[in-house]
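A.B. asks: Okay, handing you the structure first.
The values are calculated or read from the model by the stated rules, or taken from the named source; none is laboratory data. Predicted model only: the values in this text are computed from it and were never measured. Backbone-built Cβ (ideal geometry, glycine too); neighbour counts: all protein chains shown. The accessibility values were calculated without ligands, DNA or RNA, using every heavy atom of the protein model including side chains. Shrake-Rupley method; radii C 1.70, N 1.55, O 1.52, S 1.80 Å.
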Amino acid sequence: MRMYLSSWRTGDHPEQLLALLDSHGTNQVAVIANAVDALPAAERRAAVEREIDALAALGLQPVELDLRDHFDQPPAQVAAALAGFPAVWVRGGNVFVLRHALARSGADQALTELLHQDAVVYAGYSAGACVLAPDLHGLDKCDNPNAVTLAYGVPARFDGLALLDYIVVPHIDSPGHPETEILITVAAHYRANGIAHRTLRDGQAIVINGTGTRIT
C-alpha cells in the first residue's frame, strides 16, 4: 500500500506525496471532499476549490470525484471511476460524514481493493486519515456524528475502513488549529485505554510505502 496521511492540508513535505506517484506516469488526482457534505453548498464549493488549488500548485491535475454521484448505485460504478486515477486526495472535515459517503457509494470497498493491489495512492488529511482506523469511537469528542443526520438523514456509523490497525489523531500540539485541545484529550483517552493510535502535529504526515512506515 502507498499512503500519504497528513495532519493538515498537504503538510510540510508534499514532495513525499509526489515521490509516491513518481513512477506511475500521470499526475491526475481524484479529490474526495465528502467530509464537508454537511456544509452549505457555497461553503462546500469553496472548500473543494481550496483543495484543487493547493494540489494544482504542486503540479498535479486534481478533479473532484463526488461520491454522492455514486450513492445507491452498483459498486462497479464507483470502482470504475476510482480505477481511472492513480491517486486519491481525501479532504478533511467530519469523519462520520466521510465514512457514510464512502459506504453508501461503495468507495470503501473499491479503495480497499485498489490499495491491496497497489493500484492507487491514498492521500489526504485529518478526517481523510482518521477514517482508515478500525473504529471511530472517541473521535466523536471532536467530530459531531449528528452531522451525518444533517447531511443524509441517517445515523452515523462508527466502523472505520480498518486499512490501518491504529487511529490517526491529527492536530496535536498545533496551537493555530481550533481542535488541538480536544484532540489532545482524545489521544489521552486512547492512551489510558490502551487503544492503538498515532498522533500528528500540523505539518507532519505518515508516509506508507509497501512495508515501510515513517512520519515526516
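A.B. asks: Is there a quick way to get the dipole size of region 4-74? I mean about its Cα centre, with the Cβ of Lys and Arg at +1 and of Asp and Glu at -1; what is the value in debye to the nearest 20?
C.D. replies: Dipole about the Cα centre, nearest 20: 80 debye.
A.B. asks: Once the cut-off is 17 Å, how many percent of the Cα-Cα pairs in region 61-140 end up in the long-distance tail?
C.D. replies: 44
A.B. asks: Nearest-5 percent of antiparallel DSSP beta bridges in the chain?
C.D. replies: Among the beta bridges of the chain, antiparallel pairing accounts for roughly 35 percent.
A.B. asks: Which whole-number value in Å² is the accessible area per residue of region 51-108, probe 1.4 Å?
C.D. replies: So region 51-108 comes to 36 Å² accessible per residue, rounded to a whole number.
A.B. asks: Treat every Asp and Glu Cβ in region 1-157 as -1 and every Lys and Arg Cβ as +1, leave all other atoms uncharged, and give the resulting dipole magnitude about the Cα centre to the nearest 20 debye.
C.D. replies: Charge dipole, region 1-157, about its Cα centre: 240 debye, nearest 20.
A.B. asks: Rank by packing, highest mean first: peptides 96-104, 6-14, with packing defined as the count of other Cβ atoms within 10 Å averaged across residues.
C.D. replies: For the peptides 96-104, 6-14, the packing ranking is 96-104, 6-14.
A.B. asks: So if I take the centroid of the Cα atoms in region 27-59 and the same for region 169-191, what is the distance between those two points in Å?
C.D. replies: Here the two parts' Cα centres lie 24 Å apart.
A.B. asks: At a 1.4 Å probe radius, which order do ARG45, ARG91, ARG50 fall into by accessible area, largest first?
C.D. replies: ARG45, ARG50, ARG91
A.B. asks: Counting only C-alpha contacts under 8 Å and six or more residues apart, can you give the relative contact order of region 45-108 as a whole percent?
C.D. replies: Result for region 45-108 is 40 percent.
A.B. asks: Here is a follow-up. Within the chain, which DSSP H helices have Cα atoms that stretch 30 Å or more along the helix axis and a mean Kyte-Doolittle hydropathy of at least -1.0?
C.D. replies: The answer is none, since no helix passes both cut-offs.
A.B. asks: Here is a follow-up. I need the per residue convex hull volume for the chain, using only the alpha carbons, in cubic angstrom as a whole number.
C.D. replies: Looking at the chain, the number lands at 111 Å³ per residue.
A.B. asks: Testing the spin-label approximation: label points 7 Å from Cα along Cα→Cβ at ARG50 and VAL154. State their distance in nm.
C.D. replies: Each label point is offset 7 Å from its Cα along the Cβ direction, giving 2.8 nm.
A.B. asks: Rounded to the nearest 500 deg cm²/dmol, what is the calculated helix-only ellipticity per residue at 222 nm for the chain, with -39500 (n - 2.57) per DSSP H run of length n ≥ 4?
C.D. replies: Calculated at 222 nm, the ellipticity per residue is -10500 deg cm²/dmol.
A.B. asks: Just need the relative contact order of region 1-150 here, percent rounded to a whole number, with Cα pairs under 8 Å and 6+ apart.
C.D. replies: The value is 35 percent.
A.B. asks: Can I ask one more? Considering only protein heavy atoms and a 1.4 Å probe, what is the carbon-and-sulfur percentage of the accessible area of the chain?
C.D. replies: The nonpolar share, carbon plus sulfur, comes to 50 percent.
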